[in-house]
1. Could you pull out every one of the helices (runs of 4 or more DSSP H) wholly within region 101-216 that has 3 or more residues that are touching a strand residue (DSSP E or B) at 6+ places or on another chain (Cβ under 7 Å)?
2. Scan region 156-173 and give yes if some residue there is of a type in the set (Val, Ile, Thr), without any contact (Cβ under 8 Å) to a residue 24 or more places away in the chain and surrounded by fewer than 20 Cβ atoms within 10 Å (Cβ to Cβ), otherwise no.
3. Test Gly107 against the criterion of being crowded, with 17+ Cβ neighbours inside 10 Å, more than 18 Å from the chain's Cα centre (by Cα) and either at positive phi or at pLDDT 90 or above (or both), and give yes or no.
4. Among the candidates Asn195, Asn210, Asn180, single out the residue that is modelled with pLDDT of 95 or more and polar (S, T, N, Q).
5. Restricting to region 62-118, name every residue that is without any contact (Cβ under 8 Å) to a residue 40 or more places away in the chain and of a type in the set (S, T, N, Q).
6. May I ask you to list pairs of residues, at least six apart or on different chains, whose Cβ atoms are under 7 Å apart, with the first in region 122-140 being surrounded by fewer than 18 Cβ atoms within 10 Å (Cβ to Cβ) and the second being in a loop (DSSP other than H, G, I, E, B) and of a type outside the set (A, V, I, L, M, F, W, C)?
7. State all residues of region 43-61 that are free of Cβ contacts under 8 Å to residues at least 24 places away in the same chain and either within 13 Å of the chain's Cα centre (by Cα) or more than 23 Å from Val178 (Cα to Cα) (or both); if no residue qualifies, say none.
8. Only one of these is closer than 20 Å to Tyr143 by Cα and not aromatic (Phe, Trp, Tyr): Ile106, Ile98, Ile65. Name it.
Amino acid sequence: MPCKRKLYIILLILLPAGLFSQNETPLNKDSLVINFGYGKTFIEGCELPALVALSNYPELDSTRIELKSRRIKHFGNARPKIAFLFRKQETRHYIIVINKKSRDIIGFSFSDLPFGAQVGFFGHELAHISDYCGKNNLQITSYGFKYLFMKRSIERSTDRIAIKHNLGEQLYDLRSFVLNNPHTDKDYLEYKYNNYLDCEEIIKEISKLNESPQNK
């Protein structure tokens, strides 16, 4: 069943106060660029949500990341540039690809997403990059083969990385938009249900994070 806003509202009432509180970041693009834009290349219309998501990934402060717009099969993805094979682990460059023409393929485009959902998109893709940064070149090379057989496990784990970086609410906004949007392509909808955390699971993960000793 699609995620329901009613469930979200009920759980907000029942769960501890402050469960969804985020580290507040002033939405001043110039300030965000100065603090979190080093080594990053953006595309028009994506700068602010990308920077807000980046502000939650301090480990990526000096990582070179380039945003690109291309026509691809899905909504977006993140990967190291192919030249990673010839670079040291700490000097790799990464790409986040956004399918800005995706409305004809999956039923909506990046510009259709509410701002929080846009942040959630980048939160998930940056979680992939954060994961890549911890792998050596051989591990990344084998990652593609592993993904073919363990897609569900990898994507759900990536969702959890984003939640641990305080982007659970935005990830919820993204997933809720996709699963509740009447224009979402049926095959894409099924793909999301089968391979990613749903809204209820996201809420449970945020609750568990909030209840962990280090957050008390």
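The values are calculated or read from the model by the stated rules, or taken from the named source; none is laboratory data. Model, not experiment: these values are computed from the prediction. Quick reminder, even Gly has a Cβ in these numbers, built from the backbone with ideal geometry, and neighbours come from all protein chains shown.
1. Numbers: elements: 103-106, 115-133, 137-164, 168-180, 186-195, 199-211.
Passing ranges, in order: 115-133.
2. Start the filter on region 156-173 by keeping residues that are of a type in the set (Val, Ile, Thr), which leaves 158, 161, 163.
Checking the rest, the ones that are also without any contact (Cβ under 8 Å) to a residue 24 or more places away in the chain come to none.
No, because not a single residue in region 156-173 is of a type in the set (Val, Ile, Thr), without any contact (Cβ under 8 Å) to a residue 24 or more places away in the chain and surrounded by fewer than 20 Cβ atoms within 10 Å (Cβ to Cβ).
3. Details: crowded, with 17+ Cβ neighbours inside 10 Å: yes; more than 18 Å from the chain's Cα centre (by Cα): yes; either at positive phi or at pLDDT 90 or above (or both): yes.
In short, yes.
4. Values: Asn210 fails: modelled with pLDDT of 95 or more; Asn180 fails: modelled with pLDDT of 95 or more.
Just a single option satisfies the conditions, and that option is Asn195.
5. Hits for region 62-118 are Ser62, Ser69, Thr91, Asn99, Ser102, Ser109.
6. Cβ pairs passing all conditions: Cys133/Thr63.
7. If the condition is that a residue be free of Cβ contacts under 8 Å to residues at least 24 places away in the same chain and either within 13 Å of the chain's Cα centre (by Cα) or more than 23 Å from Val178 (Cα to Cα) (or both), then Leu51, Pro58 are the ones that fit.
8. On the way: Ile106 fails: closer than 20 Å to Tyr143 by Cα; Ile98 fails: closer than 20 Å to Tyr143 by Cα.
Only one candidate passes the filter, namely Ile65.
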